[in-house]
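Scroll down for the structure; my scribbles are underneath it.
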Amino acid sequence: MATITERTAYLRGLAEGLNLDKEKAENKLLLEMLNVMDEMAQQFAETNEDLDELSEYVEDMDADLAEVEELLFEEEEDCDCDCDDCDCDCDDCDCDCDCDQELSFDCPNCGKTVMIKASDIDFDESPVCSACGQPFFVDVEEEDEDEE
């Protein structure tokens with residue numbers, strides 16, 4: 001199928017072949033319509049070129065992003081465990097992550113040193129001292145409320 005540009009060029013050729021009198025009102029209308037169609041066809045062609053260029057650019061960006069994702073998430077795909085670091089189950093974890101590492105905390109309330117496994121820490125809540133039952137870290141918002 002011919003493009004819109006080719007079809008409008010064909011119509012222009014037909015109009016020129018008819019030797020239309022440019023002074024007659026109806027012929028002026030037809031010729032002006034052909035001019036508008038030519039401009040529209042040219043705009044469509046430019047838009048299609050821009051769209052093709054953008055599509056190619058997006059494909060290139062998608063390929064680049066895939067490479068970045070592969071670099072960032074490659075370790076997770078290679079690991080067969082399910083811990084916080086690599087989504088493995090730490091009971092049977094044999095990966096090189098720090099999921100079994102124990103952390104030492106000194107309770108700011110009672111002073112007792114408590115060991116907590118890194119995988120047991122919930123980052124949404126402060127660890128609680130096993131001796132006094134108080135949280136190790138007080139939220140900043142709670143401190144601000146206490147001061148008021």
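Values computed for the structure shown
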{"item": "Solvent-accessible surface ranking, highest first, for Arg7, Arg12 at 1.4 angstrom", "result": "Arg7, Arg12"}
{"item": "The range 1-73, accessible area per residue, ligands and nucleic acids excluded (1.4 Å, Å²)", "result": "88"}
{"item": "With all protein chains modelled, accessible area of Ile4 [1.4 Å, Å²]", "result": "80"}
{"item": "In Å², nearest 10: area of Lys112 left accessible to a 1.4 Å probe", "result": "100"}
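The values are calculated or read from the model by the stated rules, or taken from the named source; none is laboratory data. The structure presented is a predicted model; accordingly, all values stated were derived computationally and were not measured. Just the protein is used for accessible areas: all its heavy atoms, side chains included, with ligands, DNA and RNA removed. Shrake-Rupley method; radii C 1.70, N 1.55, O 1.52, S 1.80 Å.
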